[in-house]
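The values are calculated or read from the model by the stated rules, or taken from the named source; none is laboratory data. A quick note: this is a predicted structure, and the numbers were derived from the prediction, not measured. Don't worry about glycine lacking a Cβ; one is built from the backbone with ideal geometry, like all the others, and counts go over all protein chains shown.
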Amino acid sequence: MAQVQWKDIVWTGEDRELGIKELLTILKGYGPMEVLHFEKPSHYRGKIGVWLDEKGVRHITLYHLEVLGERRQGVGRQALQHLHNIFGGDVHVEDPGETVSSEEKAGGIHVSQPNRESAMFWIKMFTENLVQTVEGDIMNLDDNTSPSDLDKLIYKFSIEPEDDQKTTSLKYNSS
């Protein structure tokens, strides 16, 4: 199976044998929809779907992201920013839900079905304006989320089961 190092990340195809030329064509957004594995050694790795819609807008769906190495704080944030900068267009994150319709949300990072374990990470990414929406059974965050609703979610997901007094304070950077 071919590997390509592109934009400081090592990329490989998932299902079928892709040559270097095919991988680069897909990565640049001109090929058919493909699922690719990626790794930035010692930083992060994951699985991503890349596709071009009928209007010529490039989309990516992040299926898996794993932070690697000893120092982990901030690496997930850097990975999301790096992937968004590489591909532009829409970024959809499945955690582990289904993607949001591209007609509803455009030009940002949108998270579907976050799980309890990753909830605080996505709340932090939302408060820092790195992700534009977080939608699912456990929470919904978007432009209409009030600071008090955000505070309630922060409180809800920051409480440790054995320590109900613990809270986290985050500032919401609305623009």
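Please specify each residue of the stretch 45-64 satisfying the condition of being touching a Leu at 6+ places or on another chain (Cβ under 8 Å) and not small (Gly, Ala, Ser). Within the stretch 45-64, Arg45, Lys47, Ile48, Val50, Arg58, His59, Ile60, Leu62 meet the criteria. Within the stretch 30-84, the set of residues being of a type in the set (Lys, Arg) and closer than 29 Å to Glu17 by Cβ comprises Lys40, Arg45, Lys47, Arg58. Just so you know, in the stretch 15-36 the residues that are over 19 Å from the mean Cα position of the chain (by Cα) and part of a loop (DSSP other than H, G, I, E, B) include one that is surrounded by the most Cβ atoms within 10 Å (Cβ to Cβ), and it is Leu18. Of all residue pairs spaced 6 or more apart or on separate chains, those with beta-carbon atoms under 9 Å, a first member in the stretch 77-91 that is surrounded by fewer than 16 Cβ atoms within 10 Å (Cβ to Cβ) and a second member that is small (Gly, Ala, Ser) are Gly88/Gly29; Gly88/Gly107.
Against the test of being surrounded by fewer than 18 Cβ atoms within 10 Å (Cβ to Cβ) and in a strand (DSSP E or B), the options His59, His64 yield a single qualifying residue, His64. Please find, within the stretch 111-124, the residue that is modelled with the highest pLDDT out of those that are assigned to a helix (DSSP H, G or I) and among the small types (Gly, Ala, Ser). Of everything passing the filter in the stretch 111-124, Ala119 is modelled with the highest pLDDT.
One residue stands out among those in the stretch 143-172 that are in a loop (DSSP other than H, G, I, E, B) and among the aliphatic types (A, V, I, L, M): the one that is modelled with the lowest pLDDT, which is Leu170. Looking at the stretch 30-44, which of its residues are in contact with a Leu (Cβ under 9 Å, 6 or more places away or on another chain) and free of Cβ contacts under 8 Å to residues at least 40 places away in the same chain? Of everything in the stretch 30-44, those that are in contact with a Leu (Cβ under 9 Å, 6 or more places away or on another chain) and free of Cβ contacts under 8 Å to residues at least 40 places away in the same chain turn out to be Tyr30, Gly31, Pro32, Met33, Glu34, Leu36, Phe38, Glu39, Pro41, Ser42, His43, Tyr44. Has the stretch 39-56 got any residue that is touching an Asp or Glu at 6+ places or on another chain (Cβ under 6 Å) and either in a helix (DSSP H, G or I) or farther than 26 Å from Met125 by Cβ (or both)? Within the stretch 39-56, not a single residue is touching an Asp or Glu at 6+ places or on another chain (Cβ under 6 Å) and either in a helix (DSSP H, G or I) or farther than 26 Å from Met125 by Cβ (or both). Of all residues in the stretch 3-14, those that are at pLDDT 85 or above and surrounded by fewer than 19 Cβ atoms within 10 Å (Cβ to Cβ) total 7.
Residue by residue, here is whether (1) surrounded by fewer than 18 Cβ atoms within 10 Å (Cβ to Cβ); (2) part of a strand (DSSP E or B); (3) modelled with pLDDT of 90 or more holds:
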{"position": "Pro96", "(1), (2), (3)": "yes, no, no"}
{"position": "Ser102", "(1), (2), (3)": "yes, no, no"}
{"position": "Phe126", "(1), (2), (3)": "no, no, yes"}
{"position": "Ile138", "(1), (2), (3)": "yes, no, yes"}
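Among what's in the stretch 15-38 and is touching a Lys or Arg at 6+ places or on another chain (Cβ under 7 Å) and not hydrophobic (A, V, I, L, M, F, W, C), pick the residue that is nearest to Leu80 (Cα to Cα). Filtering first and then ranking leaves His37.
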